[in-house]
Amino acid sequence: MDSVGVLVWLSIVVTILSKSHADRNVYPSAGVLFVHVLEREYFKGEFPPYPKPGDASNDPITFNTNLMGYPDRPGWLRYIQRTPHSDGVLYGSPTSELVGKPTVIEITAYNRRTFETARHNLIINIMSTEDFPLPYQAEFFIKNMNVEEMLASEVLGDFLGAVKNVWQPERLNAINITSALDRGGRVPLPINDLKEGVYVMVGADVPFSSCLREVETPQNQLRCSQEMEPVISCDKKFRAQFHIDWCKISLVDITKVVPVHREKAEPGTGILPDMGEYKPPSETLESRDYFADFLITLAVPSAVALVLLLILGYSMCCRREGVIQLVHHSSIQKSTKELRSMSKNREISWPLSTLPVFHHVSGEVVPPIHRDNYETTSMPLMQTQTNLQSQMQIPRQQPSGDNYCMSTFRRLEVNGIPEERKVAEALNL
């Protein structure tokens, strides 16, 4: 890192650490990036060493940070720690409203091996700056960095040095650093050493250089709309260490931004009005009669239900319309039961037309058309004229003499059940 980057980094934040395990005091500037590292080595002395002598202490330690008296940190302050074996980092950009108001952060260290804790306080004393805020602000998106890598003093100093060589300002400060995940970015896949990406905002006191404004040209805007990398002449000064997405760069001149004034509601005193002295209930409770509640909840609904039941019984059993409905319902049940019993057995009795035919004069018996071994399962549901079997004739008596003529019967099939119907009537004897 060159001398310019070192000087710029030293101007970011001043931290004063006490040697004893007491409160720490830090003095960041409003509108300037604040970074504070929670070193694991500093807290290891609070925990007992390994039982075996000579073993290197490498206990997993995690940190919890919160504003004193509150469950979370202030809105401007963020915290990150990747693994229990890495240091934690507090970072953010304090606002000018907090100048002169000490902010106490409680830091609790947890030893994940022994489950012991150690607590210290970090007192943040925000100081005002003369050139706050810087009028020209640029935000860069660096694709090949994670936020904890960018917060390292050497890396951030190298980046500010490269920006200063391109911008050439007299005063340059890092304003804020934000992870791409906090802007809605996706967690990268664990392949090819992919990074989350970080947004780095810097401010300067001089207008933007021509190199930074090259991204605003129509040619580069067209390339960005086609998801192509724009052509930036100064990109080679960053490419060695930082891969910048120039399509996501943001250049803001706050001198041209119209301020919006919002009226703030005046807070009240926070004291409730006097409602008199509180009078707790007496120790002896008066007895209460629950008979009226019983009538309302049980007796009245039961009486209404009984009346409705009587009305329904009278309508169904004592009136003609109700009796007809009951009979009709009973007949439907009987028919349904009969049909179900018939469907279970297809070998039902033959109709009367298939019984043997007796001639009333000669006494001759015509055998039934269907035998006992007649197969009904192979019969089609509907029969055509071609499927009918040959006609059968029975003798009939002529008007004169002992001669007989034949009456013709034709075999018909209805719904798969064979039935014989008489086609011609016997002549008058």
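If R0 is taken as 30 Å, the Cβ-Cβ distance between ILE123 and ILE80 corresponds to a FRET efficiency of 0.90. Solvent-accessible area of segment 158-295 (1.4 angstrom probe, protein heavy atoms only): carbon and sulfur portion equals 53 percent.
Strictly over 19 Å apart at the Cα level, which of LYS195/LYS248; LYS143/LYS236; LYS164/LYS195; LYS164/LYS236; LYS143/LYS237 would you flag in this model? The pairs that break the limit, which is 19 Å between Cα atoms, are LYS164/LYS195. Given H placed on each backbone N at 1.01 Å, which residues far from ASN25 in sequence or on other chains put an amide H within less than 5 Å of it? Those qualifying (amide H under 5 Å, at least 5 residues apart or on another chain) are ILE16, SER18, ILE123. Modelled this way, with points 7 Å down the Cα-to-C-beta line, the labels at LYS334 and GLN168 are 11.4 nm from one another. Taken one residue at a time, the phi angles of segment 191-197 give Karplus couplings (6.51, -1.76, 1.60, θ = phi - 60°) of 9, 6, 6, 6, 10, 6, x Hz. Gly and Pro are set to x. Multiplying the residue separation of GLU130 and ALA303 by 0.36 nm and subtracting their alpha-carbon distance yields 53.6 nm.
Solvent exposure of THR83, expressed as accessible area, is near 70 Å², computed with a probe of 1.4 Å over the protein chains only. Our estimate of slack between LEU251 and GLU321, defined as 0.36 nm per intervening residue step minus the Cα-Cα distance, is 16.3 nm.
Backbone amide hydrogens, once placed in the peptide plane, bring MET127 within less than 5 Å of SER29, ALA30, excluding anything fewer than 5 places away on its chain. In this view, the solvent-accessible surface of MET68, computed with a 1.4 Å probe and all protein chains in place, comes to about 90 Å². Using the Cβ-Cβ distance between ILE191 and SER225 with R0 set to 30 Å, the FRET efficiency works out to roughly 0.55.
Between amide H atoms placed 1.01 Å from N, distances below 5 Å from LEU38 occur with GLY88, VAL89, LEU90, all of them 5 or more places distant or on a separate chain.
Using heavy atoms of the protein chains and a probe of 1.4 Å, the accessible area assigned to CYS317 is about 90 Å².
For segment 176-271, the solvent-accessible area with a 1.4 angstrom probe is 71 square angstrom per residue.
The values are calculated or read from the model by the stated rules, or taken from the named source; none is laboratory data. Not measured: the values here are computed from a predicted model. Heads up, the Cβs are rebuilt from the backbone with ideal geometry, glycines too, and the neighbour counts pull from every protein chain shown. The accessibility values were calculated without ligands, DNA or RNA, using every heavy atom of the protein model including side chains. Shrake-Rupley method; radii C 1.70, N 1.55, O 1.52, S 1.80 Å.
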